[in-house]
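Please read the structure below before turning to the comments.
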Amino acid sequence: MTHEDLVYDRRVRLIEHAARINNVAEACRTFGVSRKTYYEWVKRAEQYGLSALLPKERRRPHQPNAAPGGPVGVRGGQGPARACQRSCVRA
C-alpha cells in the first residue's frame, strides 16, 4: 500500500468507527485525531465524496538560495575526509 492509501484508509476507518460506536469523542481518542479534524473530514466527505479524503498532492518546495548542483562546503572536490587531513597535518 502506498502512503496515500494508508492515509485514506485511516480516515475512512475513523469515520466508520465513529458511526458504529455512535461516539465521536471516543473514536477520535482511539485514532489519535482531534474532533475538529474529524468534523473537517466528515464535511469534506459529505460535500465531495469519500475520494476527497485522499491526501492532497504537494508541490516541491522552492529554494531560491540552494546551491546549484551539489553539496556545499567540499574543498576542491577532494571530499570532506581529504580536506580535514590536509588541514590537520598543517597544525
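A short reminder: the numbers here are calculations on the coordinates, not readings from a lab. Note that this is a predicted model, so its numbers are computed, not measured. Using ideal geometry, Cβ is built from the backbone for each residue, glycine included, and neighbour counts are taken over all protein chains shown.
Data table
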read-out: Estimated inter-spin distance, Ala25 and Val12, nm [label 7 Å along Cα→Cβ]; value: 3.0 nm
read-out: Under 10 Å, Cβ to Cβ, from Ala18 - net charge with Lys/Arg +1 and Asp/Glu -1; value: +1
read-out: All Cα pairs of the range 1-66, percent lying beyond 18 Å; value: 43 percent
